[in-house]
Amino acid sequence: MQPQNSLLSATGTTIFTVMSALALEHGAINLGQGFPDYDGPEDVIEAAAAALKDGRNQYPPLTGVPELRQAVAAHNRRFYGIEADPNAEVVVTSGATEAITACLMAVLNPGDECVLIEPLYDTYLPVVKLLGAIPKLVRLNPPDWALPRAELAAAFGPKTKAILFNTPMNPTGKVFTAAELAFIAELVQRHDCYAICDEVYEHLTFDGWKHIPLMTLPGMRERCMRIGSAGKTFSLTGWKVGYITCDRSLAPNVAKAHQNLTFTTPPNLQRGVAVGLLKDDGYFAGLSAHLQAKRDRLAKGLAELGFGVLPTQGSYFITTDFRPLGFNGDDVAFCRALTEEAKVTAIPVTAFYASAGAPSHYARFAFCKGEAVIDAALARLRPWVESRGRQLTAAAG
Ligand code: PMP
Ligand code: GLN
């Protein structure tokens, strides 16, 4: 038999699936893959359920049902003052995952360079490579994950077509500052390229941190493809409804990419999401307040156990340094031991790095879980951490 696609053959199964399967196998509490263990808003679910029964179950329009495109436009105006034409500047996709691929497909030709920021979400790099484009990786470093400006500037060049980045950022919990975004905007304009903005955690920010879409910066309206996800904004990760806002000059190619990937997205889910995006401001404020309380609960518990807990300004995730616990192995060994022995699952942060020399002593915990689940996970971790401490003391004695 001839060899299959070499890039896919060389890519492993996503770490989220691997760790969720391991959690299941060992009966572990899964703080790995980022999904809430509670349902999204009842009115959104009711709207989707009702929509299944009113006879509109055939292919919806290619770029999304009108009510969702209008709701995306209204949401852009309400939260960010972005004016977008719902008929020409919004494309609905089957999740942000598809949206990311569609935006990359819309602009990249083989040989083009695409700037990516590590740690990065796991679909970015394979898709850039599958398109024959050349990734240029720039690395953020813990514990502050600040943007390394000189390195970022050096990654841009005459062949740069696009930058793809994520704020609020998975797995770091970083929210890019206005100054960092201004620096990126200047580079994008100077090199006449596009920005693909993965903003799936746009409403999940804490401690007064505000998400700023790159698209709102001067000169960036026409250059940005801004991606949102109903999965994150409505705690319905299984729905896989994403939405792209971009200039009318970009939307046709984005739509053609979508036409070749999935063509359309289930209409009842789209109509549910339209109801969600029109919910009042209180819903969105409540979402981040609830998550902030969960973040605080898990962060406090992990810090009390001795983890080095890095600050989280947004997203579903806390990154922790496990070296203070006395664990000598790498993050993959740590997350495996945690799952098998303590029966709690986390994600090794090296999964978000593609180039050599990534820091290998961080584990990511998801806090989008009920309080009882967070408490149960902490209760399971305590004896495990304590027994490791005893082993260390014995070894030292
Ligand atoms: N981007 C990032 C940074 C994510 O964490 C996720 C998580 N699922 C996605 C994209 C994909 O979102 P969706 O589930 O809407 O495809
Ligand atoms: N975005 C989720 C995470 O980072 C997982 C999505 C997936 O499983 N592909 O945990």
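All of the numbers you see were taken from the coordinates with simple rules; none came from a lab. Since this is a predicted model, take the numbers as computed values, not measurements. So basically every Cβ, Gly included, is an ideal-geometry build from the backbone, and we count neighbours across all protein chains shown.
Contact annotation: residue pairs with Cβ atoms under 7 Å, 6 or more positions apart or on different chains, pairing a residue in the stretch 340-354 that is farther than 14 Å from V18 by Cβ with a partner that is of a type in the set (V, I, T) and within 16 Å of ligand 1 (Cβ to nearest atom), are V349/T319. Restricting attention to the stretch 300-337, the residues that are closer than 21 Å to I29 by Cα, assigned to a helix (DSSP H, G or I) and not charged (D, E, K, R) total 10.
Residues that are within 16 Å of ligand 2 (Cβ to nearest atom) and crowded, with 24+ Cβ neighbours inside 10 Å were ranked within the stretch 83-97; the one that is farthest from F35 (Cα to Cα) is T93. Of all residues in the stretch 107-125, those satisfying the criterion of being assigned to a helix (DSSP H, G or I) and under 26 Å from G357 (Cβ atoms) are Y124, L125.
Closer than 26 Å to H203 by Cβ, within 16 Å of ligand 1 (Cβ to nearest atom) and out of contact with any Phe, Trp or Tyr (no Cβ under 6 Å at 6 or more places or on another chain) - does that describe any residue in the stretch 324-347? Yes, that holds for at least one residue. Given the structure, is M19 more than 18 Å from W239 (Cα to Cα) and in contact with a helix residue (DSSP H, G or I) (Cβ under 8 Å, 6 or more places away or on another chain)? Considered against the rule, which asks whether it is more than 18 Å from W239 (Cα to Cα) and in contact with a helix residue (DSSP H, G or I) (Cβ under 8 Å, 6 or more places away or on another chain), M19 comes out as yes.
Give the stretch 62-95 a look and list any residue that's among the small types (G, A, S) and in contact with a Pro (Cβ under 7 Å, 6 or more places away or on another chain), or say none. Steps first, answer last, please.
Going through the stretch 62-95, the residues among the small types (G, A, S) turn out to be 64, 71, 73-74, 81, 84, 88, 94-95.
Answer for the stretch 62-95, where residues must be among the small types (G, A, S) and in contact with a Pro (Cβ under 7 Å, 6 or more places away or on another chain): just A73.
Is the stretch 39-55 home to any residue that is closer than 21 Å to A230 by Cα and within 20 Å of the chain's Cα centre (by Cα)? Yes.
Residues in the stretch 48-97 that are of a type outside the set (A, V, I, L, M, F, W, C) and in contact with a His (Cβ under 7 Å, 6 or more places away or on another chain): 1 in all. Number of residues in the stretch 137-166 that are among the β-branched types (V, I, T) and in contact with a helix residue (DSSP H, G or I) (Cβ under 8 Å, 6 or more places away or on another chain): the value is 2. Annotation: V175 fulfils all but one of (1) in contact with a strand residue (DSSP E or B) (Cβ under 6 Å, 6 or more places away or on another chain); (2) not in a loop (DSSP other than H, G, I, E, B); the unmet one is (2). Which residues, taken from the stretch 353-381, are surrounded by fewer than 23 Cβ atoms within 10 Å (Cβ to Cβ) and not aliphatic (A, V, I, L, M)? Within the stretch 353-381, Y353, S355, G357, P359, S360, H361, G370, E371, D375, R380 qualify. For the stretch 88-106, the condition holds for no residue, the condition being that it is more than 16 Å from ligand 1 (Cβ to nearest atom), in contact (Cβ under 8 Å) with a residue 40 or more places away in the chain, among the charged types (D, E, K, R) and not in a loop (DSSP other than H, G, I, E, B). Close Cβ contacts (under 7 Å, 6 or more residues apart or on different chains) running from residues in the stretch 135-153 that are more than 26 Å from M105 (Cα to Cα) to residues that are part of a loop (DSSP other than H, G, I, E, B) and among the β-branched types (V, I, T) comprise W145/T172.
Taken over the stretch 108-144, the residue count meeting the criterion of being more than 30 Å from L310 (Cβ to Cβ) and surrounded by 24 or more Cβ atoms within 10 Å (Cβ to Cβ) is 0. Those helices (runs of 4 or more DSSP H) of the stretch 197-295 in which at least 2 residues are within 13 Å of ligand 1 (Cβ to nearest atom) and crowded, with 24+ Cβ neighbours inside 10 Å, considering only elements entirely within it, cover 230-233, 267-277.
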